[in-house]
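Everything on this sheet refers to the single structure shown next.
The values are calculated or read from the model by the stated rules, or taken from the named source; none is laboratory data. Worth saying up front: this structure is predicted, and the values here are computed from it rather than measured. Here the Cβ positions follow ideal geometry from the backbone for every residue, glycine too, while neighbour counts run over all protein chains shown. For accessibility, only protein heavy atoms count, side chains too; no ligands or nucleic acids. Shrake-Rupley method; radii C 1.70, N 1.55, O 1.52, S 1.80 Å.
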Amino acid sequence: MSRLRGALLAGLVGAGLVTAAPGFAAELKVLTAGAYKEILLALVPGFERATGSKVVLDNATAGVLTQRIESGEAFDVGVLGPAAIDALIEKGKMVAGSRTNLARVGVGVVVKAGAPQPAIATVDEFKQALLAAPSVAYIDPKAGGSSGIYIAKLLQQLGIADAVNAKARLIQGGLVAEHVANGEAALGLHQISEILPVAGVTLVGPLPAEIQNYTVYAAGIGAAARDPAAARALIERLHGPEAAAVLKAKGMEPAG
């Protein structure tokens, strides 16, 4: 009966055909990594209105959330990378078969509003932009953020790690663009979806295609979820047609 209930609720909510469903009301704890928080903030209110459920969001880096889940923290839905969710399923921390890929986002370059915008269309131009910038901000890879881990490796691959890190501002969490807006760094590197919401900055553009890295966000159901049917319905909402327009507006795209 529970499975039938979950399938019915997921289908109705995903299609936007219910306006209230008190019988399905639940409180869902959602652990979400990094940039996907903005998508949840946009989509959760409609889900709450449609189902009567209450969603409580908890945002941190993927590394921090993985550690918390492995330590036994209870939750209903987790939004992480696909590999992290698969690993947690293997460890019995998430429900087998519940992983759903939701979205992907690339890394962009940001400068303060009104500042000159460097050329970054090619890999050489991108390298020169980083070398010429007085300071460069990105997420500290030790904090576990996917963009910071990738950028640290990219700087090594490009042979400019020492030069850039000597003037780097490593951000422990939050929005890199805020540190560009307040003048702490002249140039920042972060997921595009984390740049667009910040006032006082300009998105120069994405990394060149040859070195672009997409962070994929996926959802899974916690092994100790209080209401797996409601959790499944929320994931369907995040994967439904309404989500596509929100993703585009927030600088992401469907994971495919």
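Residues checked against (1) within 22 Å of I39 (Cα to Cα); (2) at pLDDT 95 or above; (3) under 20 Å from the mean Cα position of the chain (by Cα):
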position	(1), (2), (3)
L57	yes, yes, yes
A62	yes, no, yes
Q67	no, yes, yes
E70	no, yes, yes
I89	no, yes, yes
M94	yes, yes, yes
G97	no, yes, no
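Show me the strands (runs of 3 or more DSSP E) entirely contained within region 145-256 in which 3 or more residues are touching a helix residue (DSSP H, G or I) at 6+ places or on another chain (Cβ under 7 Å) and in contact (Cβ under 8 Å) with a residue 24 or more places away in the chain.
On the way: elements: 168-171, 187-191, 201-206, 215-221.
Where strands (runs of 3 or more DSSP E) fall fully within region 145-256 and carry at least 3 residues being touching a helix residue (DSSP H, G or I) at 6+ places or on another chain (Cβ under 7 Å) and in contact (Cβ under 8 Å) with a residue 24 or more places away in the chain, they are 187-191, 201-206, 215-221.
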## Note on the structure
Picking from L80, L102, L65, L57, the residue that is open to solvent by less than 30 Å² (accessible area, probe 1.4 Å), in contact with a helix residue (DSSP H, G or I) (Cβ under 9 Å, 6 or more places away or on another chain) and free of Cβ contacts under 8 Å to residues at least 60 places away in the same chain would be L65
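State whether one or more residues within region 188-201 are of a type outside the set (A, V, I, L, M) and on the phi > 0 side of the Ramachandran plot. Please lay out each step first, then the result.
The initial filter retains those residues of region 188-201 that are of a type outside the set (A, V, I, L, M), namely 188, 190-191, 193-194, 197, 200.
Those still in the list that are on the phi > 0 side of the Ramachandran plot too: 200.
Checking region 188-201: at least one residue is of a type outside the set (A, V, I, L, M) and on the phi > 0 side of the Ramachandran plot.
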### Query
If you take the residues in region 125-141 that are in contact with a helix residue (DSSP H, G or I) (Cβ under 8 Å, 6 or more places away or on another chain) and without any contact (Cβ under 8 Å) to a residue 40 or more places away in the chain, which one is farthest from L187 (Cα to Cα)?
P141
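Quick grid of which residues meet (1) in contact with a Pro (Cβ under 8 Å, 6 or more places away or on another chain); (2) open to solvent by 10 Å² or more (accessible area, probe 1.4 Å):
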position	(1), (2)
E184	no, yes
L189	no, no
T202	no, yes
P208	no, no
I221	yes, no
H239	no, yes
